[in-house]
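*Asks:* Next up is a structure, given as structure tokens.
The values are calculated or read from the model by the stated rules, or taken from the named source; none is laboratory data. Please read all numbers here as calculations on a predicted model, not as lab measurements. When we count neighbours, we look across all protein chains shown, and the Cβ atoms used for this are built from the backbone with ideal geometry, even at glycine. Please note that ligands, DNA and RNA were not included when accessible areas were found on the heavy atoms of the full protein model with its side chains. Shrake-Rupley method; radii C 1.70, N 1.55, O 1.52, S 1.80 Å.
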Amino acid sequence: KFHGQTLRQQKGLYMETKFKLIIDSFGKDRFKFNEPLKNYTASGIGGPARLFFIVFTQRELVSIVSMCRQLGLPYFLFGTGSKIMISDLGFDGLVIKNRTKNIQTVSVKGKVTKFGVGVEEAVVEVESGVSIKSFVEYLDSQGLETLGFDSMPGSIGGNLFLQRFLQNYAKSIKVLDLKSETVQINVSSLSLKRHIILSAVFKIKTKK
């Protein structure tokens, strides 16, 4: 014992202080406490998260992950919940749901003919929290090819780690590395252990 408290109690108080620091930094109203994770997984399985937080921007995602790392606070990040299984015991830390949602056409490539400018392909940047469904809807609205994407469940971030088909269209990927630095990498350098995907740039051809 130490000053009338066991080491376990000391550790518990230390962790409570860490949780309080992160809650105070982002605002108590942004967090849910003991939130059932079964509400966010495709399987409908998952116990409670001690803390639950939804990020809507890249800046928030980088900030909260970096702070968890600095504090030594256990965290778990996921997107749509289509590819994860969570224990009924839940998670005794911070669970972060990635709902970053920006999609933008960065540039287009085409030929000038007597009929005008014909777009042949576009470079599109998509944030990692965007669902494949939303990505397909955007491509379709821009007259870009969607064949092969529309059958994928989940988000851009999750699928980039798993789907070679999607990786083949990625020109570059913006990630948060283990030093909490934001860097651009090639698909060949992507590592599930070392990187958190923030966004990706895809080269997509127009519909024929």
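*Asks:* In whole percent, how big is the carbon plus sulfur part of the accessible area of the chain, probe 1.4 Å, protein atoms only? Spell out each step's value before the answer.
*Replies:* Working: 6440 of 12140 Å².
Taking all protein chains in place, the chain shows 53 percent carbon and sulfur surface.
*Asks:* List every residue whose amide H lies under 5 Å from the amide H of Val95, counting only residues 5 or more places away in sequence or on a different chain, with H placed 1.01 Å from N in the peptide plane.
*Replies:* Correct list: Leu51, Phe52, Phe53, Phe76.
*Asks:* Rounding to the nearest 10 and keeping the result within 0 to 90°, find how far the Cα-based axis of helix 7-26 lies from the longest principal axis of the chain.
*Replies:* It works out to around 40 degrees.
*Asks:* Next question. Given only helices, namely DSSP H runs of n ≥ 4 each adding -39500 (n - 2.57), what is the per-residue ellipticity at 222 nm of the chain, to the nearest 500 deg cm²/dmol? Kindly include the intermediate steps, with their values, before the conclusion.
*Replies:* Values: 5 runs with 55 residues, N = 208.
After summing the helix terms and dividing by residue count, I get -8000 deg cm²/dmol.
*Asks:* Calculate the length of the line joining the C-alpha centroid of the stretch 13-83 to that of the stretch 122-183, in whole Å.
*Replies:* Between the Cα centres of the stretch 13-83 and the stretch 122-183 lies a distance of 23 Å.
*Asks:* Check Leu144: other-chain or 5+ apart residues with amide H under 5 Å from its amide H, H built from backbone geometry?
*Replies:* Lys207
*Asks:* I need the calculated FRET efficiency for the pair Thr105 and Ser151, taking r as the beta carbon distance and R₀ as 22 Å, to the nearest 0.05.
*Replies:* Working: r = 23 Å, r/R0 = 1.05.
The value I calculate is 0.40.
*Asks:* Could I ask something else about it? I'd like to check one number: the per residue accessible area of the stretch 137-208, probe 1.4 Å, reported in Å² as a whole number. Intermediate values should be presented prior to the final figure.
*Replies:* On the way: 4060 Å² over 72 residues.
Per-residue accessible area for the stretch 137-208 comes out at 56 Å².
*Asks:* Let me ask you something else. Would you indicate which of [x] 0.97; [y] 1.08; [z] 0.94 is the value of Rg/Rh (Cα atoms, Kirkwood Rh) derived from the coordinates of this structure?
*Replies:* It is the value labelled [y].
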